[in-house]
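Single-structure report; data block below.
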Amino acid sequence: QAILLNMGPIEAPFSLIPPTTATGSSFTFLPQEGIVAPDGLQAIRISFCPTILGEFKEEFCFHVIKAPKPVTLTIRGCVVGPTFHFDVPALHFGDVSFGFPRTLKCCLSNTSLVPMAFNLHIPGDGLGEASIDSSVQMVKPARQSWRKEARGLEKPREFTISPCRGTVRALGSQDIKITLCSNTVKEYELELVVDVDGFGKKVLALTLTARCIVPPLRVLNPVVVFGHCCLKVPYQEKLTLVNDSDFPGCYHVLPQEHKEKAAAWYSSCEPSGIIEAHSSVEIPITLEAQLLGECNITAELAVFGREGSPLEIHLECIGQGPVVYVYPREINFGTIKVLQDSCRRLNLSNQSDIPATFWAEMAGKRSCWRIEPSKGVVPPNQEVSVIVTANLDDTEKVQDNVKLFIENSHLTIISVQAVGIGTTIVTDKPLVPMLDLKSHFSFTPCYYQFKMTNKGRRIHRLYWSTEGFGIFRRSTRHPALGGIKSKDASQTPRPGSPVFKLRPLMMDLRPGQTVEMVLEGCSSTAQEVNERLLCHATVGKETVKKQIMQVDVTCKFICPAVQISSREINFHVEKKPSDVLRLQYKPLSLKNTCSLPFSIVLDLEQPFLICNMDQQPLPADSKPMMLDVGEELHLCIQFNPAYENDLNSRVAERVLRMHFLEHPHEEQITVRGEVYFPNLHLETKAVDFGCVLNDTEQMLYMEMTNCSPIPAQYHWSFLTDSQVNTIRRIPLRRILPRSILPGSQQMQRTPWKQRNKTLQSDCFFLQTRKKAFDLPTCLLNISTLEWEAAPCSASWGTEAAHGAMKNLRSGCSLQPMVLVFQVLSSTAVKPQSPVRMKGLSQFSEVEHLNLGMQEVFDVLPLWGVLQPGESQLVTFTFFGHANIVARVTALCHVEGGPTYKVMVTGEASCPSYQLDVEEIDWGLQVFNEVLKAEVTLQNTGVVEFTYVVPNSSTGTAANPLPGVPVVVPTTGSIAPGEEQVLKVYYLPGKPRVFCKTFQVQVAHLEPAEIFLKGEGTFPRITMDLPWVL
């Protein structure tokens, strides 16, 4: 850079005088011209690009306007060439694997004093696309990309130089990376050439050597056997690829060619990969058989860089398909109506273990049959039904075949046939057998448009005519006589023309063709027109006409209109206790607003009546009321709120129907009558307390709501009918022989089986009469009985029995604790497992008690008043007197309203239970082992109770204390009819005889004792040898 300074007082315009020497042309000045302000300066940038080596000296002149001489700038210097070298004499890549890049490094050093711009290239390298790396080649699934010809005709660029160009500062250096990714199997001997910008080409070269090889891969199992394969079901096996060389390789399972024609399809979920040197990989191969029978296909495995054919793998399998049995083999529909569906079932049974895909079609092109579903899948070893539906379109015998295709199985042909009856000419609107066109205004044409379609297979020529008239034409001439012949000779054609005319009268309908028909009628007077249209046809090549349709046309030509004062008439009556129901009236006005008079008939059902203005009912056989144009009719509607003889709120809704004699139209007026009484809504009609404990009480609640708009005053009472209300109890037969008492000697000494026999033969055994309940037991208190010590023997006759009964009656009293005796067979109880039953159970005979209902049931509150919509809880109380069954009907009386009934029932009883064991005898047992037993506690009553084992041991079932029994569980609750198994664990602890007891207490009853006995011992041996040998 140079500075041009203006030291004068005026501006100095300047410009560069171009140099003329070769060295001077290498200099560039910016700017070359300009103006320098007084006492100002101008910086000039100088660039030098020499092309000649050696020393130089150049003078450059700037011309300044009005200056006596130019300003001279002298530049001198010396141009020298670059000097550089590589840090290695050559780069030897050695052996490289095909497609696997290898990178070597070298350093380019600049030993000159000026920076050097270089450019590196390898003249012997290819000029095509960059070579393909094995990692890139792996993701190319196409077969062509793995073939040599797919790489193009031009030699690829296999060397990559980084950086390939740049500038090395003076006395600096630059690291160079050369990467070889070989795609050519050969030996390399090339040069890395250095070009220096502005100095020369190929100034320096570095030798490069390498050799590219492809590792020889081999398949360890070139034949893969899949065995039996179900068609189109994939199966997978693995093949092993081995690399015995020192170089890695890249492989790929080529996609299958011509897959659509192959007997089996193969693929791989991991088709490509890298196999390292001296290693092996497993490649999954999936095979899917497409054809039946033996199949042998070849899969190809390409090795990246390998010339020649790919490696071949032979895949073998046997394809097999489903077996489906189809029945029936033929279907005959018989005679059916045309154009209507008629269905039959066709069954497909899959007798194989693979799904069977099927599809069905009819053999005929325009078949009258269809199959639903037409395709599907039959699951393995299951059956599927398809519906064959016939819809015939011709009145003759029709046949076809069902072609049932089973994928990978044989074709099944099912023959079908049917005979059609009826006609195939149909209309899109209702026409046959009667067409009622309702009413229309007089002098106004009435049109009815419809379409007729031939849904058959043969052409139909149709002829329309009106019965009683000749064939009418559009011409103005009088129609000719001689219409259709009739069986009745009197039905000759009438003169004139019919009211209704149909066009077109004659037509040819080809199969599938549709024609639009118009029926037009007009009448000059209000009348009802009834005419019969007949349609005859010739079908196909037939020459005889036959009647296929007969239409009776009806129409009324009138024009009524009426104005009604009210479309809804409502009556609302609230009946209070002091009120009297009276007849109610509402006015009704009807006005004719049309241009023609009409007659009306009014129809209204009870409890409403139609009255005149004087509130007098119209007679039942009154004539229709005629209304002239603009005339208004005033009536009254009467409502009788006492149409039902009860006190329940009710709503009556009827419809007042207005019929026009000249017109089918009908007007309707809604008439509604509401009558309200004081009414209640009770939540339930029955209150059941179930069974409670004796001498306890229970309360249940019921919600009561006033569902009327009137306050309801109520009070409760009980129905006094003794047939409905009952309180009963079963008396007890206090008869018990001494021989079965627990405290008697006979009971203690006699074995159980002998005792049972004695009970059956010698004693008075207590049995029930099954009068009120069917329970074969008798309950008796034994806690306070006084017994006489008398032996029980076979000679204990009637006199002794009477004496025992006398003693029993004198000393027996009823208590909650009773003993239950039951008739048992001699083999029903084991000697060591006697049955023990306690508690108060149901009685056998019914005893009616002298208890008032108020002593058993109660209702609160007894009376009260409920406002409209108000609710209240009613409390029912049951007092459970001992062993009673009670039932009563509670009545809720509403003043001015109905009386509601609520059935109240309850029952009281005491807990009753049964123990299946009273004594557990373990006999001889090892003294240090835990003994186990079970005791069953059964609830034989109708009340749920709780039980407890008092003074239970602190030990556990797994570790009981010696000599102390453990019972599990120690407490619980048992529902009626249920039972609980008590598990008993006992550890003798010492070799001795033991006898223990534990108790089970049920509810408030006395505890029952269970005896445990046995003998603890230990194994011992004796020897007959002398003590001293």
With a cut-off of at least 2 residues that are modelled with pLDDT of 90 or more and under 30 Å from THR720 (Cα atoms), name the strands (runs of 3 or more DSSP E) lying wholly within the range 860-969. 863-866, 871-880, 885-894, 899-909
Answer with yes or no whether LEU346 is more than 38 Å from the chain's Cα centre (by Cα), in a strand (DSSP E or B) and in contact (Cβ under 8 Å) with a residue 60 or more places away in the chain. no
For the range 175-231, give me each residue that is among the basic types (Lys, Arg) and farther than 30 Å from HIS252 by Cα. LYS177, LYS201, LYS202
I'd like the full set of residues that are loosely packed, with under 14 Cβ neighbours inside 10 Å, of a type in the set (Val, Ile, Thr) and assigned to a strand (DSSP E or B), limited to the range 680-701. THR696
Does any residue in the range 958-978 that is among the basic types (Lys, Arg) come within less than 8 Å, Cβ to Cβ, of a residue that is part of a loop (DSSP other than H, G, I, E, B) six or more places away or on a different chain, and which pairs are these? none
For the condition in contact with a strand residue (DSSP E or B) (Cβ under 7 Å, 6 or more places away or on another chain) and under 30 Å from HIS665 (Cβ atoms), what is the one hit in LEU346, LEU437? LEU437
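Out of the residues in the range 981-1029 meeting the condition of being among the aromatic types (Phe, Trp, Tyr) and within 16 Å of VAL930 (Cβ to Cβ), tell me which one is surrounded by the fewest Cβ atoms within 10 Å (Cβ to Cβ). Quick ask: steps written out before the conclusion?
Initial filter on the range 981-1029 (among the aromatic types (Phe, Trp, Tyr)): 985-986, 994, 998, 1011, 1018, 1027.
Cutting the leftovers down to within 16 Å of VAL930 (Cβ to Cβ) gives us 985-986, 994, 998, 1018.
Numbers: TYR985: 20, TYR986: 28, PHE994: 20, PHE998: 25, PHE1018: 8.
Among residues in the range 981-1029 that are among the aromatic types (Phe, Trp, Tyr) and within 16 Å of VAL930 (Cβ to Cβ), the one surrounded by the fewest Cβ atoms within 10 Å (Cβ to Cβ) is PHE1018.
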Among the residues of the range 349-384, the number that are under 26 Å from CYS230 (Cβ atoms) and either without any contact (Cβ under 8 Å) to a residue 24 or more places away in the chain or among the aromatic types (Phe, Trp, Tyr) (or both) is 7
Taking first residues from the range 1012-1024 that are under 18 Å from GLY989 (Cβ atoms) and second residues anywhere that are assigned to a strand (DSSP E or B) and small (Gly, Ala, Ser), the pairs with Cβ under 8 Å that are 6 or more apart or on different chains are LEU1012/ALA933; GLY1014/GLY923; GLU1015/GLY923
Among the residues of the range 633-645, is any small (Gly, Ala, Ser), under 18 Å from GLU568 (Cβ atoms) and modelled with pLDDT of 90 or more? no
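Take PRO709 and tell me if it is surrounded by fewer than 19 Cβ atoms within 10 Å (Cβ to Cβ) and part of a strand (DSSP E or B).
Numbers: surrounded by fewer than 19 Cβ atoms within 10 Å (Cβ to Cβ): yes; part of a strand (DSSP E or B): no.
Here the answer is no, as PRO709 does not meet what is asked.
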What residue, among those in the range 397-420 that are at negative phi and modelled with pLDDT under 85, is surrounded by the most Cβ atoms within 10 Å (Cβ to Cβ)? SER409
For the range 2-21, check the following and say yes or no: at least one residue is outside any strand (DSSP E or B), outside the structural domain of VAL194 (by TED's automatic domain parsing) and without any contact (Cβ under 8 Å) to a residue 12 or more places away in the chain. yes
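Condition check ((1) more than 24 Å from VAL675 (Cα to Cα); (2) surrounded by 11 or more Cβ atoms within 10 Å (Cβ to Cβ); (3) of a type in the set (Val, Ile, Thr)) across all residues:
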{"site": "PHE608", "(1), (2), (3)": "no, yes, no"}
{"site": "LEU618", "(1), (2), (3)": "yes, yes, no"}
{"site": "HIS634", "(1), (2), (3)": "yes, yes, no"}
{"site": "ALA642", "(1), (2), (3)": "no, yes, no"}
{"site": "LEU647", "(1), (2), (3)": "no, yes, no"}
{"site": "VAL655", "(1), (2), (3)": "no, yes, yes"}
Tell me yes or no: at least one residue of the range 105-114 is touching a strand residue (DSSP E or B) at 6+ places or on another chain (Cβ under 7 Å), in a strand (DSSP E or B), on the phi > 0 side of the Ramachandran plot and modelled with pLDDT of 85 or more. no
Counting only residues that are exposed (fewer than 14 other Cβ atoms within 10 Å of the Cβ) and on the phi > 0 side of the Ramachandran plot, the range 201-245 contains a total of 2
Checking the structure you have, find out if any residue of the range 415-430 is under 30 Å from ASN347 (Cα atoms), part of a loop (DSSP other than H, G, I, E, B) and among the polar types (S, T, N, Q). no
Just give me the residues in the range 363-392 being of a type in the set (D, E, K, R) and either closer than 17 Å to CYS343 by Cβ or at pLDDT 90 or above (or both), in sequence order. ARG370, GLU372, LYS375, GLU383
Across (1) in the same structural domain as CYS892 (by TED's automatic domain parsing); (2) on the phi < 0 side of the Ramachandran plot, ASP695 clears everything bar (2)
Would you be able to say whether some residue in the range 363-374 is among the β-branched types (Val, Ile, Thr), assigned by TED's automatic domain parsing to the domain that holds ASN243 and not in a loop (DSSP other than H, G, I, E, B)? no
Give the residue that is farthest from GLN563 (Cα to Cα), with candidates limited to residues of the range 665-679 that are out of contact with any Cys (no Cβ under 7 Å at 6 or more places or on another chain) and crowded, with 19+ Cβ neighbours inside 10 Å. PRO678
Does GLU653 meet the test of being farther than 30 Å from ILE710 by Cβ, in a strand (DSSP E or B) and of a type in the set (Asp, Glu)? no
Condition first: over 17 Å from SER374 (Cα atoms), charged (D, E, K, R) and in a loop (DSSP other than H, G, I, E, B). Now tell me which residues in the range 384-414 satisfy that. ASP393, ASP394, GLU396
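The values are calculated or read from the model by the stated rules, or taken from the named source; none is laboratory data. Since we're looking at a predicted model, the values are computed, not measured. Every residue, glycine as well, gets a Cβ built from its backbone with ideal geometry; the counts of neighbours run over all protein chains shown.
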